[in-house]
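The values are calculated or read from the model by the stated rules, or taken from the named source; none is laboratory data. This one's a predicted model, so the numbers in the text were calculated from it and none came from an experiment. Using ideal geometry, Cβ is built from the backbone for each residue, glycine included, and neighbour counts are taken over all protein chains shown.
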């Protein structure tokens, strides 16, 4: 991996969705590396933004509250930036089915407005987009690599495909320097735990800390890989520093594949509190469930040497500690 | 193929984009088969709608001018329909790069508003969507079948993918009875010939009829297949009558693959007027050019027996005749 210490010191960086889970962890890391960081966030209540996520960095990170759908704000904010990490988005699968228009606005229109702003006002900025493994839909084979068929099962998945592909179109047609990372289930400090909007794991963490009950859908045998947020941050920084990554798409993935039942069991064990129970799939969840998923990350490993550094036990332990210490800010 | 005569007599049919090229040809055919046809069209000037396209059918086809982005209109119009042919769209690749937001509205938001209207007010309607071969981008192999990678090269292509995939998502999640046909270059009477927005062939037809000059980009060796509009109409009717086609995607394709230079030469020959000339690619066209394309239509041939019935010479001859007779309505 590149030596991030040297690379980002003194660089200007814009992070959309920067008060959210991954954005805030990235912003803190970049500030520690000496970058001049601006975060943009709309703080829409159902999304992941939380001002507490940047606590302790108030005088080192500039926070700009704005809606990324607004090209006028973006026209101003992108100017002079060396890097743009484009992490803003609506991530709830179910919300996208209840309100497909809002999902379209956030995941498609906003991406166009950001790319148009860059094309017109900062065509040299290095752009990294956070895509999602969700666009593969039901895996045809495992682990899923980047050439797997794209076949989303919900409106959010369709719109996230479009958001990613605009980045590729603007790269080919206009030479913008874009890369997409397709994230799998990311977890760690500063994730949304109010509900299951960001991932099922958020609400699970909250339930076990409250000594409550985790509900696992179906037989709990659906298998997943998870990435600890610090590993995602390293991948984001890594592709941003790599010229060969321009125009490319990379999967992230985890080394430990677990069933949801095993994961619930481990979480209860590590927390020393809470229980879990298998319950039938709710109808609207079943309609968009994809079964087993885990990703092949050999492409980014080959290009950057990236691999997950934080194992599941370590990552869950750190995450539980964080939310026990700061539950008032997240509940 | 199903006996359309029996099937559509007395059925109610809604056609979005029904004053446009393919929509109007379909509407006329369905009216001839005894269906009760309503067409919806926004008549946006840059698009393909032209009231003359339904000339002679004024008392047999109901015309409703409305914007398909407006869910309120659609909520009303979809009620009581047995069939919905969803053909409305913005088709210009270059316009989508100049104004990506409008393309998003027309090709994504409108599809959501149509599907939401159907889900809420007519979940049993049989829906056929007109997709495009353009979403494959630069072919990895030829002929291109439905399992070819989807990799659009422009904003219009990305949005057309999203529009198609919403139809698949609503089929899986809500049981709506949707099918997508991925059309290749369609030509014939009632196409837009004012400019190259619908296809390059429109402006070529106009130029040769005017005894003018057709401009062929590059070396003219890019190969394409073309489908005469009557064959597209038969395919639309065929999938609509086939229960096995629900949730499926089918390519159309042509038996005669021609280079653009050969096509220009043939057009000049058949018309007995006009000339053609090779010119360098305009920069913004080159950025989104896809090279050779022709499609594999064996899937729809296997399912429905569909194959193109009208050869290129016959189709071009009929088309030239039509526009010579009606140029005042189209120029």
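Points worth noting:
- Test: residue in the range A:217-230 that is part of a helix (DSSP H, G or I) and surrounded by fewer than 20 Cβ atoms within 10 Å (Cβ to Cβ): yes
- Once the range B:64-85 is narrowed to residues that are under 19 Å from the mean Cα position of the chain (by Cα) and not in a loop (DSSP other than H, G, I, E, B), the residue that is surrounded by the fewest Cβ atoms within 10 Å (Cβ to Cβ) is B:83.
- Residue selected from the range A:170-186 under the condition at the interface with chain B (Cβ under 10 Å from one of its Cβ atoms) and in contact with a helix residue (DSSP H, G or I) (Cβ under 6 Å, 6 or more places away or on another chain), by the criterion nearest to residue B:107 (Cα to Cα): A:170
Matching residues to (1) within 18 Å of the chain's Cα centre (by Cα); (2) farther than 30 Å from residue B:153 by Cα:
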position	(1), (2)
A:246	no, no
A:253	yes, no
A:262	no, yes
A:295	yes, no
A:304	no, no
A:309	yes, yes
A:327	no, yes
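- Residues (assigned to a helix (DSSP H, G or I) and over 20 Å from residue A:135 (Cβ atoms)) located in the range B:130-158: B:133
- Only one entry in A:173, A:196, A:162 is within 22 Å of residue A:137 (Cβ to Cβ) and in a helix (DSSP H, G or I), namely A:162.
- Scanning the range A:32-55 for any residue that is over 23 Å from residue B:150 (Cβ atoms), touching a strand residue (DSSP E or B) at 6+ places or on another chain (Cβ under 7 Å), surrounded by fewer than 16 Cβ atoms within 10 Å (Cβ to Cβ) and modelled with pLDDT of 95 or more turns up nothing.
- Top-ranked residue of the range B:257-266 - restricted to ones that are in contact with a helix residue (DSSP H, G or I) (Cβ under 9 Å, 6 or more places away or on another chain) and within 14 Å of residue B:311 (Cβ to Cβ), ranked as surrounded by the most Cβ atoms within 10 Å (Cβ to Cβ): B:263
- As a summary of the residue check, residue B:152 satisfies the conditions (1) under 28 Å from residue B:302 (Cα atoms); (2) within 10 Å of chain A (Cβ to nearest Cβ); (3) touching a residue at least 24 places away in the same chain (Cβ under 8 Å) except for the one numbered (3).
- Unmet criterion (only one of (1) under 20 Å from residue B:156 (Cβ atoms); (2) surrounded by 22 or more Cβ atoms within 10 Å (Cβ to Cβ); (3) more than 8 Å from chain B (Cβ to nearest Cβ)) for residue A:112: (3)
- For the range B:143-163, filtered to residues that are over 25 Å from residue B:255 (Cβ atoms) and out of contact with any helix residue (DSSP H, G or I) (no Cβ under 6 Å at 6 or more places or on another chain), the residue that is surrounded by the most Cβ atoms within 10 Å (Cβ to Cβ) is B:153.
- When the range A:241-268 is filtered for residues that are within 17 Å of residue A:301 (Cβ to Cβ) and in a helix (DSSP H, G or I), the ones remaining, listed by number, are A:244, A:245.
- Residue match in the range B:121-129 (condition: more than 8 Å from every other protein chain (Cβ to nearest Cβ), out of contact with any strand residue (DSSP E or B) (no Cβ under 9 Å at 6 or more places or on another chain) and assigned to a helix (DSSP H, G or I)): yes
- Any hit, the range A:221-235, residues being more than 21 Å from residue A:256 (Cβ to Cβ) and touching a helix residue (DSSP H, G or I) at 6+ places or on another chain (Cβ under 6 Å): no
- When restricted to residues that are within 11 Å of another protein chain (Cβ to nearest Cβ) and either touching a residue at least 40 places away in the same chain (Cβ under 8 Å) or under 21 Å from residue B:171 (Cβ atoms) (or both), the range B:62-109 contains 12.
- Residues in the range B:276-302 that are at pLDDT 95 or above and out of contact with any strand residue (DSSP E or B) (no Cβ under 7 Å at 6 or more places or on another chain): B:298, B:301, B:302.
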